[in-house]
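Heads up, the thing below is written out as structure tokens.
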Amino acid sequence: MKVRTRTLLLVVAVAVVLFAAVDHLARMNLRFFGSSASAAGALGHYLAGDYAGAARFYRDDLRRAAARMPSEQAGSWIALAAGDLDRAEAQARTESRQAPTAAEPVLTLAEVALMRRDSPTALAHASRVLELRRDDYDALLVTAVVHARQGAYAAAIDTLKRALRDDRVERRATVFLAVLEATGELDDRAVDERPNCLLAHLHRYLRIYDPSHARLAARYAQRAIDVGDDADDAYVTLGVIHTKQGYPMRAFTAFQQALAQNPRNTAALLAAARFRENRGELDEEYRLIRAAFEAERDDRFTVAVLHSFLVEKLGDYREALALADAAVAVNPQDGEAWWRRGHVESQLGDHLQALKSYQRAAALMPRTAELAEYIGDSLAELGRDEEAFLAYRQARGTRSASATATSRPGRPLWQGPALVRSDP
């Protein structure tokens, strides 16, 4: 009887383990899977927690995939993915000379330097990308990896915070693998040498593609709190994990604990504001958003959140216009502030001033389809139909070119489409 009981318990235990393993695999993004021996080896290392080793195997698989890409797509990033760093660098420099304001070839140069472990050069190129395309997700991740390798952990955390607050993901497989490798290298250090808060943020990023990293992110965040390693940011990470797991009150408590450590933590303030929003507490939501703005007036993200609240929830166009006017007075080269100004002026029915503000924004910012459409709308409101038609046509052309550009750098080499996410 005892033998049967032990056998039954063993069978149940095996079944539970298998069910957990299958459930884990089912929740992982398709990018972790492939049909090659390299991909299988990478998955094995990944599941064993050897993230640096997994990244190296995934790069082998990526090289083979890049070698099969059509010749018409053989740009600098494809050469990088194929592992030919010299050719990638040469082609990226040629592409950059042909299009001096294009961010993609400069990003390739940053990645080439990153793979060569040339941190100063990688950081310089990534910074140039961020000048061309502010808050570019891939450039932020490259910058974070460079700072992590240099031991500048606070700078790495700040950079990851900038990336994680936006509702986007990276475009390039190579960038994802660089983050995966960096996470593994930091994970493999002795316990007392690990940058706990940084690792919490890195695992929070990896959670986007594999929910099991939530547990690791929370573990590192708690360690960071225990040893006083950027405890406020660690509490924010705990709050995000609780939010994703469906525990809003636990999340709110964590955000409050973050604010107790640092009342000017904008991530905690905005996250707490979202909690108040979900409860319909408009006044408290506004107080928290305003506090985030006052804590970091130069941050385009907090300014945009406040602008959106004023326009969409309060309908306070005059205050929103005053906010935009103050921004352009401080920095007349702030294209986003001119864009916000035009948006409010349009809402107020001042289409001529809105047109001027949009045109000023267009002169200061990289061309976007959305901005071209706003210019077209203003022209149409003013009865300038032929000019409006040209603006709309420009918007279509810009959108088409953007779709072509973003489809090339990496997406065809993943086993599935890019994910869309929302991470506070």
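The values are calculated or read from the model by the stated rules, or taken from the named source; none is laboratory data. None of these values were measured; they are calculated from a predicted model. As a convention, Cβ positions derive from the backbone with ideal geometry for all residues, glycine included, and neighbour counts pool all protein chains shown.
Annotations
- Test: residue in the stretch 94-102 that is modelled with pLDDT of 90 or more and β-branched (Val, Ile, Thr): yes
- The condition of being assigned by TED's automatic domain parsing to the domain that holds Gly53, touching an Asp or Glu at 6+ places or on another chain (Cβ under 7 Å) and at pLDDT 95 or above holds for only one of Val179, Val145, Val175, that being Val175.
- Residue identified as over 23 Å from Asp188 (Cβ atoms), not in a helix (DSSP H, G or I) and not polar (S, T, N, Q) among Val129, Val169, Val106, Val112: Val169
- Long-range neighbours under 7 Å by Cβ, at least six apart or interchain, first residue in the same structural domain as Gly342 (by TED's automatic domain parsing) within the stretch 370-391, second acidic (Asp, Glu): Leu379/Glu387
- Test: residue in the stretch 254-265 that is under 23 Å from the mean Cα position of the chain (by Cα) and without any contact (Cβ under 8 Å) to a residue 24 or more places away in the chain: yes
- Residue among Leu80, Leu109 that alone is among the aliphatic types (A, V, I, L, M), touching a residue at least 60 places away in the same chain (Cβ under 8 Å), in contact with an Asp or Glu (Cβ under 9 Å, 6 or more places away or on another chain) and outside the structural domain of Val240 (by TED's automatic domain parsing): Leu80
- Test: Asp158 is in a helix (DSSP H, G or I) and not hydrophobic (A, V, I, L, M, F, W, C): yes
- Scanning the stretch 26-56 for residues that are among the charged types (D, E, K, R) and part of a helix (DSSP H, G or I) yields Arg27, Arg31, Arg56.
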